[in-house]
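Single-structure report; data block below.
The values are calculated or read from the model by the stated rules, or taken from the named source; none is laboratory data. All values derive from a computational prediction rather than experimental measurement. As a convention, Cβ positions derive from the backbone with ideal geometry for all residues, glycine included, and neighbour counts pool all protein chains shown.
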Amino acid sequence: MKFLRIPDIFQILNNCIEFKLPFSHIRFGDGGIKFIHSILFRNVKQLNVIVEKEGLPPSKVAEIFELWGYYARRADCIDTPEVYFDGTFWPRVKTKAKTINIETEEKMRDWRELYAGAEFDNDTFCNPESNCLMILDIPGRKNILDIMKNRRICMITARPEIINMFPNFDIDVVSIVGQWENQYKNSFSYVVDYINNMATKYDFWMIAAGELGRLYSGMIKELGGRTIDIGFVIEYWLDGYIHPRFDKFVNKTVDNRLTLKLTEEGKKYERFI
């Protein structure tokens, strides 16, 4: 098992940009764990909630699940929940005073079994919160903003207004519908067509597209492009919203609304980030 810290991911991405090599960073998170569990253990109730929220047609669930495995096997790194339990990262909580429910924790602890059942078969991993960690302002280290400078980027997101946050960057946006708005029906075909035509036209892509975003990332790499799964960082950049589970470990950076900084408690894990 190989684990990539944020500087490792950036180094590989920079190398792939320079030499025009494909690259994908894919995070499944606890939502992905629940999706895998729903299918492997036929949890229809849990699956129906995910399908509705993420806009996945029931008739396509098996195909999407197969593609998750296909693209996970080919990714440069996928996330592992193991970091929440081995002491190398802060624990997974709902808020700084409330733990996640026991059923979710049990699923996350069983990640090896679930990943094997999904045929992910990838032994290079990253932190599930690597998107958030990429915007940390740590002295002497680069963050994603440094990687974005002087690069041509495409973002896939339900928040196209994000482009206004980066007036000095070369960014295009592919707009999708949000959660509970039937993304597969209303956005998927257009995004796939755009990817097919433009995968290698950008230095890299930044994906914030939920469970279907894993497919976009895989398609882009398959076509020779490069992707970072940026997820809810888009919401932080636009709204300044930090999920309560981070309250104890990160704060907003006073002089740069696009970055975060570690609290004293968060700094205990800096060498693992």
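In the stretch 150-159, which residue that is touching a strand residue (DSSP E or B) at 6+ places or on another chain (Cβ under 6 Å) and surrounded by 15 or more Cβ atoms within 10 Å (Cβ to Cβ) is nearest to D239 (Cα to Cα)?
The extreme case among them is T157.
Evaluate the following for V93: is it in contact (Cβ under 8 Å) with a residue 60 or more places away in the chain, crowded, with 20+ Cβ neighbours inside 10 Å and not charged (D, E, K, R)?
Against the criterion (in contact (Cβ under 8 Å) with a residue 60 or more places away in the chain, crowded, with 20+ Cβ neighbours inside 10 Å and not charged (D, E, K, R)), V93 does not qualify.
Scanning for something without any contact (Cβ under 8 Å) to a residue 40 or more places away in the chain, surrounded by 15 or more Cβ atoms within 10 Å (Cβ to Cβ), part of a helix (DSSP H, G or I) and not polar (S, T, N, Q), does the stretch 112-129 turn up at least one residue? Talk me through it step by step, then tell me what you get.
Filtering the stretch 112-129 for residues without any contact (Cβ under 8 Å) to a residue 40 or more places away in the chain gives 112-113, 116.
So of that shortlist, the ones also surrounded by 15 or more Cβ atoms within 10 Å (Cβ to Cβ) come out as none.
No, that holds for no residue.
Here's the yes/no breakdown for (1) in contact (Cβ under 8 Å) with a residue 24 or more places away in the chain; (2) loosely packed, with under 14 Cβ neighbours inside 10 Å; (3) within 30 Å of L67 (Cα to Cα):
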residue	(1), (2), (3)
Y236	yes, no, yes
I242	no, no, no
K261	yes, no, no
G266	yes, no, no
E270	yes, yes, no
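Take A118 and tell me if it is of a type in the set (G, A, S) and in contact with a Gly (Cβ under 6 Å, 6 or more places away or on another chain).
It is true that A118 is of a type in the set (G, A, S) and in contact with a Gly (Cβ under 6 Å, 6 or more places away or on another chain).
Any idea which of (1) of a type outside the set (F, W, Y); (2) touching a helix residue (DSSP H, G or I) at 6+ places or on another chain (Cβ under 9 Å); (3) within 27 Å of P7 (Cβ to Cβ) is the one I176 doesn't satisfy?
(3)
Considering only residues that are buried (at least 22 other Cβ atoms within 10 Å of the Cβ), over 20 Å from F272 (Cα atoms) and touching a Leu at 6+ places or on another chain (Cβ under 9 Å), which ones fall in the stretch 2-31?
F23
Within the stretch 170-205, which residues are part of a strand (DSSP E or B), in contact with a strand residue (DSSP E or B) (Cβ under 6 Å, 6 or more places away or on another chain) and either surrounded by fewer than 19 Cβ atoms within 10 Å (Cβ to Cβ) or free of Cβ contacts under 8 Å to residues at least 60 places away in the same chain (or both)?
Of everything in the stretch 170-205, those that are part of a strand (DSSP E or B), in contact with a strand residue (DSSP E or B) (Cβ under 6 Å, 6 or more places away or on another chain) and either surrounded by fewer than 19 Cβ atoms within 10 Å (Cβ to Cβ) or free of Cβ contacts under 8 Å to residues at least 60 places away in the same chain (or both) turn out to be D170, I171, D172, V173, V174, W205.
Could you check, for the stretch 215-231, whether at least one of its residues is over 30 Å from A118 (Cβ atoms), at pLDDT 95 or above and not in a strand (DSSP E or B)? It would help to see each step written out before you state the result.
Going through the stretch 215-231, the residues over 30 Å from A118 (Cβ atoms) turn out to be none.
Scanning the stretch 215-231, I find no residue that is over 30 Å from A118 (Cβ atoms), at pLDDT 95 or above and not in a strand (DSSP E or B), so the answer is no.
Of all residues in the stretch 54-81, which are of a type outside the set (G, A, S), in a helix (DSSP H, G or I) and over 19 Å from D229 (Cα atoms)?
Answer for the stretch 54-81, where residues must be of a type outside the set (G, A, S), in a helix (DSSP H, G or I) and over 19 Å from D229 (Cα atoms): P58, K60, V61, E63, E66.
I'm checking my understanding of the structure. Among residues of the stretch 11-29 that are assigned to a strand (DSSP E or B) and more than 10 Å from the chain's Cα centre (by Cα), which one is farthest from F232 (Cα to Cα)? Step through it out loud before you land on a result.
Let us first name the residues in the stretch 11-29 that are assigned to a strand (DSSP E or B), namely 23-26.
Add one more test, that the residue is more than 10 Å from the chain's Cα centre (by Cα), and what stays is 23-24.
Numbers: F23: 21, S24: 18 Å.
Residue satisfying both the conditions and the ranking: F23.
Any idea how many residues of the stretch 130-168 are touching a residue at least 60 places away in the same chain (Cβ under 8 Å), part of a loop (DSSP other than H, G, I, E, B) and closer than 22 Å to E270 by Cα?
7
So which residues in the stretch 88-111 are assigned to a helix (DSSP H, G or I) and among the hydroxyl-bearing types (S, T, Y)?
T104
Taking Y71 as meeting all but one of (1) surrounded by fewer than 16 Cβ atoms within 10 Å (Cβ to Cβ); (2) under 19 Å from the mean Cα position of the chain (by Cα), write down the number of the exception.
The single condition Y71 does not satisfy is (1).
When you go through F10, F41 one by one, which is the residue that is closer than 20 Å to V250 by Cβ and not acidic (D, E)?
Among F10, F41, only F10 is closer than 20 Å to V250 by Cβ and not acidic (D, E).
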